[in-house]
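Worksheet: the structure to be examined is printed underneath.
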Amino acid sequence: TGSHIDTQPTGGKFDGCFGVLAGLEVMRVLDEHGIETEAPLEVVIWTNEEGSRFVPVMMGSGVHAGLIPLEKALAATDRDGDSVAASLARTGYAGDVPVGSHDFGAYFEAHIEQGPVLEQEEITIGAVTGSLGLHWFDVVVSGQEAHAGPTPMPYRRDALKTACALVSDILTLADAYQPNGRVTCGEFNVHPNSRNVIPGQVRFSVDLRHLEPAVLAEMHDQLKALCLKHHAANQSDKQRVDIELIEVQHIPPTPFAPELIEMVRSASQELELSYRDMETGAGHDAVQIAGINPVAMIFVPCEDGISHNESENAEPSDLEDGANVLLLAMLKRAGIVSTNTDDANATHNTAENAQ
Ligand SMILES: [Zn+2]
């Protein structure tokens, strides 16, 4: 188990740190109660999850998972030209264990939700089933610039008029894919963007997200169909407008391990905590690790869903509940060999220790 302790320039104190401290607390509780597990347990602090000083983000977990070459990570520099390699050497954090040589059987990460769902629904635990895949596009709508005064409406090749109708349809597309579908048109460029010129070209972004690869592909098909429909509807000579769909980036969804997710659910149930399945829209170290080992995440609510902000906050009782779920889920996976106390309720004592 583990998470990260680096942050954003305006970051709060829970994003990442909660997962590391919850992991440490699990170890202390097991130690205090003399509980020995069948599988060995470890706490990890992944280097540079946020990427606020060195890019790429999720660097330590990415290197471990083989997604980022070690040389590339070590060569990354900050704004002052300082490299990751030099910084690790200076702080004494450059270890001598070969990357990827240290394997593990399962990885649990506790984290604040960084979104509003748990708080809004008054639910304590989010059993994270995976991370949303994303598919990014640019749509270019081309008509013809003309003077806003002398050009009567039937003679206009107005790119913005077509773009607005198309965007409206694209956003409605999300309705059929709830609760996990997300559709966003966040960036708009109107050319020439002048008050008295009919827009000749509009370029806008489309961000499609879903948890299931097949559904994300279906949303992509729908987007293509909408572009073709609006293109076909605007081919009369006097009002012709053309539409082009350009793919920008595609990151497939990452499902987490069903058997570990079930352990998070049943741990919540046994602790009599409210819980629900949910996906993560943000990147996490667990998402990188999911490529090589079974992973699961445990979300707890954060105030107003705010994160990457100094006002980030979470209730101590929620953090305690999250740590207890982490403890119980890890014990389910690791198995108990022996315990030298007869305190069968060790899991409920993290509360006192956390104070
Ligand atoms: Zn984080």
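The values are calculated or read from the model by the stated rules, or taken from the named source; none is laboratory data. Given the structure is predicted, the values throughout are model-derived calculations rather than measurements. A quick note on method: Cβ atoms are made from the backbone with ideal geometry, for glycine too, and the neighbour counts reach across all protein chains shown. Heads up: the accessible areas ignore ligands, DNA and RNA and are worked out on the full protein's heavy atoms, side chains in. Shrake-Rupley method; radii C 1.70, N 1.55, O 1.52, S 1.80 Å.
What the table below lists for this structure:
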read-out: Accessible heavy-atom area order of C185, C227, highest first, probe of 1.4 Å; value: C185, C227
read-out: Candidates L327, L319, L173: whichever shows maximal mean-square fluctuation once the chain is modelled as a Gaussian network with Cα springs under 10 Å; value: L173
read-out: Sequence of V337, V139, V183 from largest to smallest accessible area, 1.4 Å probe; value: V337, V183, V139
read-out: Prolate/oblate/rounded call for the chain, Cα gyration tensor, a/c under 1.5 rounded; value: prolate
read-out: Taking the stretch 133-251 and dividing mean pair separation by its residue count, relative contact order in percent (alpha carbons under 8 Å, at least six apart); value: 44 percent
read-out: Qualifying GluC sites (Glu not before Pro) in the stretch 257-302, DSSP loop, other Cβ atoms within 10 Å at most 10; value: E272
read-out: Accessible area of C17 in the full protein assembly, 1.4 Å probe (Å², nearest 10); value: 40 Å²
read-out: Antiparallel DSSP beta bridges within the chain, percent to nearest 5; value: 75 percent
read-out: In nm, spacing of pseudo-spin labels at I336 and Q235 (7 Å Cα→C-beta vector); value: 7.1 nm
read-out: Most to least accessible of W136, W46 (protein chains only, probe 1.4 Å); value: W136, W46
read-out: Rounded to the nearest 10 Å², the accessible area of E218 at probe 1.4 Å; value: 90 Å²
read-out: Rel. contact order, % - alpha carbon contacts under 8 angstrom, at least six apart, the chain; value: 29 percent
read-out: Folded to 0 to 90 degrees: helix 316-334 orientation relative to the chain principal axis, Cα; value: 70 degrees
read-out: Three-way shape call for the stretch 63-157 based on the alpha-carbon gyration tensor, with the a/c threshold at 1.5; value: oblate
read-out: Under 19 Å from K238, Cα to Cα: lysines that are on another chain or at least 8 residues apart; value: K161, K229
read-out: Cα centroid separation, the stretch 2-53 to the stretch 208-238 (Å); value: 43 Å
read-out: Whole-percent carbon and sulfur share, accessible surface of the stretch 133-251, 1.4 Å; value: 52 percent
read-out: Accessible solvent surface per residue of the chain, calculated while the other protein chains remain in place, 1.4 angstrom probe, Å²; value: 50 Å²
read-out: Accessible carbon and sulfur surface of the stretch 253-319 relative to its total accessible area, %, 1.4 Å; value: 47 percent
read-out: Crossing angle, helix 159-172 versus the chain [Cα axis fit, 0-90 degrees, rounded to tens]; value: 30 degrees
read-out: For E315, solvent-accessible area (1.4 Å; no DNA, RNA or ligand), Å²; value: 100 Å²
read-out: Cα-based shape type of the stretch 260-321, given that a ≥ b ≥ c are square roots of the gyration tensor eigenvalues and the cut on a/c is 1.5; value: oblate
read-out: Percentage relative contact order, the stretch 11-138, counting C-alpha pairs under 8 Å, at least six apart; value: 22 percent
